[in-house]
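In what follows, a structure is listed as structure tokens, so that the remarks can point back to it.
The values are calculated or read from the model by the stated rules, or taken from the named source; none is laboratory data. Model, not experiment: these values are computed from the prediction. So basically every Cβ, Gly included, is an ideal-geometry build from the backbone, and we count neighbours across all protein chains shown.
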Amino acid sequence: MLKGRDIISILDLSREELEELFSTARRMEGYRGRILEGWIVALAFFEPSTRTRLSFESAAKRLGASTIGFSSAESTSIAKGETLSDTVRMLDSYADIIVLRHRYEGAALLAANIARHPVINGGDGRQHHPTQAMIDLYTVERIKGSIDDLNYAVVGDLKHGRAASSFIYGLTMFKPGRIYLVSPPSLRARPEVIRVLRERGVRYTETQSLSEVIGDVDIVYMTRVQKERFRSLREYEEVKGSYKMTLELAENSGRDLIVLHPLPRVDEIDQRLDETRYAAYFQQAANGIPVRMALLSLIAGVEP
Amino acid sequence: MTSIRVEEGFLLGPLEYRDALLLAFAANGAQVVFMDDGYYLVLQDKPGGSLLASAAVLNPGIILRRAGSNAYERVAENLPGEIEGLAPCPNPTCITNQPREKAARRFRVLVMEGRVAMQCVYCGTLIMRDDLRRMLAASLRVEADHS
Ligand SMILES: [Zn+2]
């Protein structure tokens, strides 16, 4: 079903396709093979990234594919003034699958319109990060056994955070009990995200405080609230405590909750959580490999 | 097909139907001149000819009442699903606003809570209400009628 497809937004996939992806990912855990031998995956990272790029690289190599690419715009002909379109045309002639990250929203869609080969969006500006959402949903399913009927709190900068938006989009493909959107008023989820929640009849609540809703939550999805997004340092200092996941908060919740984070984190998760049953973020990071392996193999149309 | 009942009371506020008309006529390449009261439009459908009209929007179709007549007629079965090349996306970090990239401007036309809205196909930005009107007015051949 995913063979030859571009992956621009998690909204491009159906629930059935996501479930197929997850069952393939399950089989990819610990898998090493040569099913993509002879394939070349281009990793075009116009914006710096460590995790996403390295995990795509590992995923490709564990399937026997080779990778080419670059990890910042400065290191390429872009610095000499080449357009994205021209770079994509070049990569399209060198590689079989293109993974692209770019600071402008819509860059991956433009690339997909140009390239003959499949394009995977590795993050476009503040808009989409579909493979992160796949990993996040897979982690929930792996730990909780299901994505349906759980209550979620998505916490942090919901306006600029592409991981948070993509996770919310991904949840609308399932039947969550309720989604709490926890953010400062100035960093609330964008209107287009809210529109999808409404259109799909997902129950959601916008709130400013994690502690007020934690007693009703099964999954806490933490993201960074960056200082630079606030008008003043004082404003930031006033709210930052509301967007921090502490051990006390977890213990007092009375819930069997788990905490996710797309990483890297700064200080929004108490490090004392790391060794507890609440911490799911390291497992989540590790799940990046099998999920991306599954996606590459399904797009290539080669099953393990 | 949905049946349509037109009543004066069904008229949405001036902003909503003006937006819808602008979109519908922009999609057909028409020239639109509107007056400041918001309820009456002069639609110049071909050079030299003009037509005074008031309009009602029944989502998702468009109904129009010509001046001097009590009859309504349906001028668009539906809003256009997508419009291309209309105006710059209001999001400065949208790929379509990078002049060297040559990404065609494309917008989905939506109806949200009885109002017309557009969504940039590339960056997903929703353009609603005043932002939409500002964007349309700046890009269509729209003039206020001072006669
Ligand atoms: Zn845009």
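In region A:47-57, the condition of being assigned by TED's automatic domain parsing to the domain that holds A:Asp96, more than 16 Å from the chain's Cα centre (by Cα) and charged (D, E, K, R) is met by at least one residue. Taking residues in region B:86-103 that are among the acidic types (Asp, Glu), and partners anywhere that are within 11 Å of the ligand (Cβ to nearest atom), the pairs with Cβ atoms closer than 6 Å and at least 6 places apart or on different chains are B:Glu101/B:Ile95. Only residues that are surrounded by fewer than 23 Cβ atoms within 10 Å (Cβ to Cβ), in a helix (DSSP H, G or I) and in contact with a Leu (Cβ under 8 Å, 6 or more places away or on another chain) were counted across region A:154-168, and they come to 0.
From the residues in region A:1-13 that are of a type in the set (A, V, I, L, M) and in a helix (DSSP H, G or I), which one is surrounded by the most Cβ atoms within 10 Å (Cβ to Cβ)?
If we filter region A:1-13 for residues that are of a type in the set (A, V, I, L, M), which is where we start, we get A:1-2, A:7-8, A:10-11, A:13.
Imposing the further condition that a residue be in a helix (DSSP H, G or I) reduces the set to A:10-11.
Working: A:Ile10: 26, A:Leu11: 17.
Taking the candidates together, the pick is A:Ile10.
Counting only strands (runs of 3 or more DSSP E) wholly contained in region A:39-153, the ones carrying 2 or more residues that are more than 14 Å from chain B (Cβ to nearest Cβ) and aliphatic (A, V, I, L, M) occupy A:40-45, A:97-102.
The residue that is surrounded by the most Cβ atoms within 10 Å (Cβ to Cβ), among those in region B:107-126 that are more than 9 Å from the ligand (Cβ to nearest atom) and facing chain A (nearest Cβ under 10 Å), is B:Ala117. Looking at region A:251-290 only, could you name the residues that are in contact with a helix residue (DSSP H, G or I) (Cβ under 6 Å, 6 or more places away or on another chain), touching a residue at least 60 places away in the same chain (Cβ under 8 Å), more than 19 Å from A:Leu150 (Cβ to Cβ) and part of a helix (DSSP H, G or I)? Residues satisfying the conditions are A:Gly288, A:Ile289, A:Pro290.
Candidates are the residues of region B:86-100 that are more than 7 Å from chain A (Cβ to nearest Cβ) and over 14 Å from the mean Cα position of the chain (by Cα); the one that is nearest to the ligand (Cβ to nearest atom) is B:Cys89.
Being modelled with pLDDT under 95, more than 16 Å from the ligand (Cβ to nearest atom) and crowded, with 23+ Cβ neighbours inside 10 Å is the requirement here; does A:Gly69 meet it?
Values: modelled with pLDDT under 95: yes; more than 16 Å from the ligand (Cβ to nearest atom): yes; crowded, with 23+ Cβ neighbours inside 10 Å: no.
The answer is no for A:Gly69.
Scanning region A:165-223 for residues that are closer than 19 Å to A:Ile135 by Cα and of a type in the set (A, V, I, L, M, F, W, C) turns up A:Phe167, A:Ile168, A:Leu171, A:Met173, A:Phe174, A:Ile179, A:Ile219, A:Val220, A:Met222.
Give me a count of the residues in region A:14-38 that are in contact with a Ser or Thr (Cβ under 8 Å, 6 or more places away or on another chain) and in a helix (DSSP H, G or I). So that I can check it myself, show each step before the final result.
If we filter region A:14-38 for residues that are in contact with a Ser or Thr (Cβ under 8 Å, 6 or more places away or on another chain), which is where we start, we get A:24, A:28, A:35-36.
Filter once more, keeping what is in a helix (DSSP H, G or I): A:24, A:28.
Number of matching residues: 2.
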